[in-house]
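Trainee: Please find one structure pasted underneath; my questions will follow.
The values are calculated or read from the model by the stated rules, or taken from the named source; none is laboratory data. Everything quoted here is computed from the prediction, not taken from an experiment. Please note: Cβ atoms are built from the backbone with ideal geometry, for glycine as well, and neighbour counts cover all protein chains shown. When the accessible area is computed, the model is the full protein with side chains, heavy atoms only, and any ligands, DNA or RNA have been set aside. Shrake-Rupley method; radii C 1.70, N 1.55, O 1.52, S 1.80 Å.
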Amino acid sequence: MLEKQVNAIEVDENLEADYRNQIDKCTRAFAIAKNDVVLANVADERPAFVVKMFTDGNLDKRFLKLKDHFEESEEVLDNLENRLVEFVKTVPLQAYDTGSSDAISFLNWLCNRDDLSMEQLDHVALHRTRFEVEERAIEDRLGHVRFQEVHSQSERMLEMWGDDDSLVLMLNPIRATATFQTREFIDDEDDPPIEAVFFPVANDIHTVILEDEGVQLFERLIEKPCSFSELLDDWSSTSFDVYGGREEIISAGVDLVEAGLAAFC
């Protein structure tokens, strides 16, 4: 009797594994419109055109969403529409993918597949970093909302920065950086390669290229939030070499807050 029960359990586990594999196979097939695979697993005799309508509709929606993401770079990324078609037909949409994560997958696929010019690579870096910021804002929704609330109160405190030691400067926790190799997205006075910081302000994504003192303050605040007196002590002990000292620390802090990259907490 016990042997029969064990055998029955083994059979059930094998059936469950087979069913799971069948679902995985069909899911991947649906994602890239392999209709013959799907039809072979349909329980009743559904017309092939019904399955085709479903899979084509999914691919069309995915294609159009990706195309909207890269519309501003269409002239630079050669043959973009054909590349997008190839991507959606050959690379399945992963479970729980968002529009941003699918776009990042396309950019990774594009870089691994084609030799891109420096200008094209800058466009890829621009888009990828924006999508990374969107993904981080989704992953740390509470951190994003909290910072935006704190920042909305920070501008009225700017005049106290440097005088009120209770003010502590913190960076926007949702941020990412990209290095541009050409002048495609930078001003004439800046020389590439140069690093840009991307971060959300309300519902938009902003970009700044920091000056020397801004870079130093930014890198210091990455370690931890700091009060003005802490920054001044760092500068006085020469471990923090902001050009000129006190006034430059004040000016750099004001710039970060006004840009939305930092706030007082």
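Trainee: So in segment 160-203, with the set limited to residues that are outside any loop (DSSP other than H, G, I, E, B) and aromatic (Phe, Trp, Tyr), which one is farthest from Asp122 (Cα to Cα)?
Mentor: Once the filter is applied, the top-ranked residue is Phe199.
Trainee: Here's a follow-up. Of these, Glu184, Glu155, which one is surrounded by 15 or more Cβ atoms within 10 Å (Cβ to Cβ), touching a helix residue (DSSP H, G or I) at 6+ places or on another chain (Cβ under 8 Å) and touching a residue at least 40 places away in the same chain (Cβ under 8 Å)?
Mentor: Glu184
Trainee: Taking segment 212-231 on its own, how many of its residues are surrounded by 15 or more Cβ atoms within 10 Å (Cβ to Cβ) and charged (D, E, K, R)?
Mentor: Number of matching residues: 3.
Trainee: Quick check on segment 232-250. Is at least one of its residues of a type in the set (Val, Ile, Thr), in contact with a helix residue (DSSP H, G or I) (Cβ under 7 Å, 6 or more places away or on another chain), in contact (Cβ under 8 Å) with a residue 12 or more places away in the chain and open to solvent by 10 Å² or more (accessible area, probe 1.4 Å)?
Mentor: No - not one qualifying residue is present in segment 232-250.
Trainee: OK, next. Filter segment 204-225 for residues that are outside any helix (DSSP H, G or I), in contact with a strand residue (DSSP E or B) (Cβ under 6 Å, 6 or more places away or on another chain) and either without any contact (Cβ under 8 Å) to a residue 24 or more places away in the chain or within 20 Å of Glu247 (Cα to Cα) (or both) and give the result.
Mentor: Listed by number, the residues that qualify are Thr207, Ile209, Pro225.
Trainee: Next question, about the same structure. Please verify whether Glu211 is under 26 Å from Leu77 (Cα atoms), within 26 Å of the chain's Cα centre (by Cα) and of a type in the set (Asp, Glu), treating the condition exactly as stated.
Mentor: Details: under 26 Å from Leu77 (Cα atoms): no; within 26 Å of the chain's Cα centre (by Cα): yes; of a type in the set (Asp, Glu): yes.
When the stated conditions are applied, Glu211 does not pass them.
Trainee: Might you check whether a residue that is part of a helix (DSSP H, G or I) and touching a Lys or Arg at 6+ places or on another chain (Cβ under 9 Å) occurs anywhere in segment 144-159?
Mentor: The answer is yes; a qualifying residue exists.
Trainee: Another one. Within segment 105-135, how many residues turn out to be among the small types (Gly, Ala, Ser) and open to solvent by 30 Å² or more (accessible area, probe 1.4 Å)?
Mentor: Of the residues in segment 105-135, 2 are among the small types (Gly, Ala, Ser) and open to solvent by 30 Å² or more (accessible area, probe 1.4 Å).
Trainee: Consider only pairs whose beta carbons are under 6 Å apart and that are at least six residues apart or on different chains; among these, list those whose first residue lies in segment 64-87 and is closer than 18 Å to Glu119 by Cα and whose second residue is open to solvent by 70 Å² or more (accessible area, probe 1.4 Å) and of a type in the set (A, V, I, L, M, F, W, C).
Mentor: Going by the 6 Å Cβ cut-off, there are no qualifying pairs.
Trainee: Here are some conditions: (1) in a helix (DSSP H, G or I); (2) touching a residue at least 24 places away in the same chain (Cβ under 8 Å); (3) surrounded by 15 or more Cβ atoms within 10 Å (Cβ to Cβ). Ala263 meets all but one. Which one does it not meet?
Mentor: (1)
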